[in-house]
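**Q** Provided herewith is a single structure, encoded as structure tokens, for subsequent inquiry.
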Amino acid sequence: MPPVRPQIYWSLQAGRGIAAILIVVYHTAAMMGTDQPYWRIPLLHQRFTGFALGVQFFFVLSGAVILLAHFDDIGHPAALPAYLWKRFRRVYPIYWFVLTFILVSYAWRPELRASPKAGFLVIVSNYLLIHLGTLEVNLNVAWTLFHETLFYAVFCLFLIRRNLGLFVLGLWCSLCVLMVFLHGPVGLREYLIAPVNVLFAFGMLAAWLLRTRAIARAGIIAALGTAVITAAIVVACLRFDLGNPVQYLAGIGAALLILGTARLEELGRLTIPHALRFFGDASYSIYLIHFPFLTLITPFVYRTWLRQPVPPILPFVFLPIFAIAAGCAMRIWIERPLLKLLSRHKPGWAQMTKEGRHA
């Protein structure tokens, strides 16, 4: 009996949730470890440096998810409007909500450490998620979304023509790898052809293998991927290093883990608990809101701690829990209703099928 290809790979959704949680823990450790005027425990920041690689895991996941979701649309330009609408609906509305909240909060509370970056181009760039002469961001974690939208633009070319997409993707990745060894202009090195962009291709390769090859020994592949990404995290923590080699090592591990677990799911040998599924669904909300939430709540927690000192492990445990809970609440009460509303009111231009007919 051939394996069943699920409509949703819950293993990938679980990966999103785990990656988001890793990033929340990392930012908590950084805030408690090095940010003034708080606990100042540098070793805490150092020992959790590797958790920042959750971002690299996200990039690989994005490459895999986009190709799996639109594999059958490749070479069909008529599928482009629906693709663009789906990407817009998934990324921008809830991001705009959080960004606007941040700008208003910082204007209302100027004493906050992270004041807004002013300037017309900064604000426009932040809302468009396209760098226009500036690399400034008002939402700390939003730098990754600029790379996401860049990848979405490159993937558009696959829908127009497969060979065009392959050529541009290959050229783009080659230039990105070149930036590992060269020092080009900041706008190129940090954005357009940043080395981190290659991670999207890692995910696409994993998805392509999953769709086109009969993958054997999926359990071994998943275990190997887990070992490699764990090794990258350990190296980053021990050496306080998030350089390109460590990021690429984490990317390779993530691609293997995605390939192995998705294949196990197809074979019916892996079932993802509902709790992890929920965290996967809520991962984007958690990712967007956790840093501004920590920025707002940490001063209060720290002042409380000064009045009643307890072992620092307690705020280190509870701050991420509160931030994750805030993200889950935003998923339930804001993001999910917003997505449902946008699904019901899909614009006419976005309802074209790849055959060129309205769905």
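**Q** Within segment 178-193, does at least one residue satisfy the condition of being under 20 Å from Leu67 (Cβ atoms), crowded, with 18+ Cβ neighbours inside 10 Å, hydrophobic (A, V, I, L, M, F, W, C) and without any contact (Cβ under 8 Å) to a residue 40 or more places away in the chain?
**A** Within segment 178-193, none of the residues are under 20 Å from Leu67 (Cβ atoms), crowded, with 18+ Cβ neighbours inside 10 Å, hydrophobic (A, V, I, L, M, F, W, C) and without any contact (Cβ under 8 Å) to a residue 40 or more places away in the chain.
**Q** When you scan segment 159-175, do you find a residue that is charged (D, E, K, R), farther than 22 Å from Trp208 by Cβ and surrounded by 14 or more Cβ atoms within 10 Å (Cβ to Cβ), even just one?
**A** Of segment 159-175, the ones charged (D, E, K, R) are 161-162.
Checking the rest, the ones that are also farther than 22 Å from Trp208 by Cβ come to none.
No: segment 159-175 contains no residue that is charged (D, E, K, R), farther than 22 Å from Trp208 by Cβ and surrounded by 14 or more Cβ atoms within 10 Å (Cβ to Cβ).
Residues checked against (1) over 26 Å from Trp10 (Cβ atoms); (2) among the aliphatic types (A, V, I, L, M); (3) under 15 Å from the mean Cα position of the chain (by Cα):
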{"site": "Arg40", "(1), (2), (3)": "yes, no, no"}
{"site": "Val55", "(1), (2), (3)": "no, yes, yes"}
{"site": "Leu67", "(1), (2), (3)": "no, yes, no"}
{"site": "Arg87", "(1), (2), (3)": "no, no, yes"}
{"site": "Ile123", "(1), (2), (3)": "yes, yes, no"}
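**Q** From Arg303, Arg263, grab the single residue that is part of a helix (DSSP H, G or I), surrounded by 15 or more Cβ atoms within 10 Å (Cβ to Cβ) and among the basic types (Lys, Arg).
**A** On the way: Arg303 fails: surrounded by 15 or more Cβ atoms within 10 Å (Cβ to Cβ).
Only one candidate passes the filter, namely Arg263.
**Q** Further question on the same structure: Right, Trp333: touching a residue at least 60 places away in the same chain (Cβ under 8 Å), in a helix (DSSP H, G or I), of a type outside the set (S, T, N, Q) and exposed (fewer than 14 other Cβ atoms within 10 Å of the Cβ) or not? Steps first, please.
**A** Values: touching a residue at least 60 places away in the same chain (Cβ under 8 Å): no; in a helix (DSSP H, G or I): yes; of a type outside the set (S, T, N, Q): yes; exposed (fewer than 14 other Cβ atoms within 10 Å of the Cβ): yes.
So Trp333 does not fit the description; no.
**Q** Let me ask something additional. Would you check which residues across segment 123-140 are without any contact (Cβ under 8 Å) to a residue 40 or more places away in the chain and either closer than 22 Å to His27 by Cβ or among the hydroxyl-bearing types (Ser, Thr, Tyr) (or both) and list them?
**A** Ser125, Asn126, Tyr127, Leu129, Thr134, Glu136, Val137, Asn138, listed by residue number.
Rundown of residues vs (1) of a type in the set (A, V, I, L, M); (2) more than 30 Å from Asp72 (Cβ to Cβ); (3) touching a Leu at 6+ places or on another chain (Cβ under 6 Å), yes/no style:
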{"residue": "Ala118", "(1), (2), (3)": "yes, yes, no"}
{"residue": "Leu135", "(1), (2), (3)": "yes, yes, no"}
{"residue": "Phe155", "(1), (2), (3)": "no, no, no"}
{"residue": "Phe158", "(1), (2), (3)": "no, no, no"}
{"residue": "Ser174", "(1), (2), (3)": "no, no, no"}
{"residue": "Ala201", "(1), (2), (3)": "yes, no, no"}
{"residue": "Ala207", "(1), (2), (3)": "yes, no, yes"}
{"residue": "Arg211", "(1), (2), (3)": "no, no, no"}
{"residue": "Ala214", "(1), (2), (3)": "yes, no, no"}
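**Q** Tell me the helices (runs of 4 or more DSSP H) entirely within segment 1-117 that contain at least 2 residues that are touching a Pro at 6+ places or on another chain (Cβ under 6 Å) and modelled with pLDDT under 95. Steps first, answer last, please.
**A** Values: elements: 10-33, 42-47, 54-70, 80-108.
Here the list reads 80-108.
**Q** Within segment 225-234, can one find any residue that is without any contact (Cβ under 8 Å) to a residue 40 or more places away in the chain and buried (at least 20 other Cβ atoms within 10 Å of the Cβ)?
**A** Here is the first cut: in segment 225-234, the residues without any contact (Cβ under 8 Å) to a residue 40 or more places away in the chain are 225-228, 230-231.
Then keep just the ones that are buried (at least 20 other Cβ atoms within 10 Å of the Cβ); that gives 225.
Scanning segment 225-234 turns up at least one residue that is without any contact (Cβ under 8 Å) to a residue 40 or more places away in the chain and buried (at least 20 other Cβ atoms within 10 Å of the Cβ).
**Q** May I ask you to list the residues in segment 309-330 that are more than 19 Å from the chain's Cα centre (by Cα), of a type outside the set (A, V, I, L, M) and part of a helix (DSSP H, G or I)?
**A** Result: Pro315, Phe316, Phe318, Phe322.
**Q** Among the helices (runs of 4 or more DSSP H) contained in segment 119-206, which hold 3 or more residues that are in contact with a helix residue (DSSP H, G or I) (Cβ under 9 Å, 6 or more places away or on another chain), closer than 24 Å to His290 by Cα and not aromatic (Phe, Trp, Tyr)? Steps first, please.
**A** On the way: elements: 120-128, 143-160, 162-181.
Qualifying helices (runs of 4 or more DSSP H): 120-128, 143-160.
**Q** Is it the case that segment 333-348 has a residue that's modelled with pLDDT of 95 or more, under 30 Å from Thr226 (Cα atoms) and not β-branched (Val, Ile, Thr)?
**A** no
**Q** A further question on this structure: Which residue is nearest to Gly133 (Cα to Cα), if the candidates are limited to segment 194-222 and must be among the small types (Gly, Ala, Ser) and in contact (Cβ under 8 Å) with a residue 40 or more places away in the chain? First the steps, then the outcome.
**A** The initial filter retains those residues of segment 194-222 that are among the small types (Gly, Ala, Ser), namely 194, 201, 203, 206-207, 214, 216, 218-219, 222.
Next cut, in contact (Cβ under 8 Å) with a residue 40 or more places away in the chain only: 194, 201, 203, 206-207, 218-219, 222.
Values: Ala194: 16, Ala201: 26, Gly203: 29, Ala206: 34, Ala207: 34, Ala218: 45, Gly219: 46, Ala222: 42 Å.
So the residue we want is Ala194.
**Q** Can you name the residue in segment 122-173 that is charged (D, E, K, R) and at pLDDT 95 or above and, of all such residues, is nearest to Leu61 (Cα to Cα)? Step through it out loud before you land on a result.
**A** First, pick out the residues of segment 122-173 that are charged (D, E, K, R): 136, 148, 161-162.
With the extra rule that they be at pLDDT 95 or above, the set shrinks to 148, 161-162.
Numbers: Glu148: 11, Arg161: 23, Arg162: 21 Å.
Filtering first and then ranking leaves Glu148.
**Q** Ok, one more. Say whether the condition of being under 24 Å from Leu12 (Cα atoms) and touching a residue at least 24 places away in the same chain (Cβ under 8 Å) is met by at least one residue in segment 291-305. Give the derivation first.
**A** In the first step, residues of segment 291-305 are kept if they are under 24 Å from Leu12 (Cα atoms); the result is 291.
Still in the list and also touching a residue at least 24 places away in the same chain (Cβ under 8 Å): 291.
Checked against the condition, which is being under 24 Å from Leu12 (Cα atoms) and touching a residue at least 24 places away in the same chain (Cβ under 8 Å), segment 291-305 yields at least one hit.
The values are calculated or read from the model by the stated rules, or taken from the named source; none is laboratory data. Just so it is clear, the model here is predicted, and its values are computed rather than measured. So basically every Cβ, Gly included, is an ideal-geometry build from the backbone, and we count neighbours across all protein chains shown.
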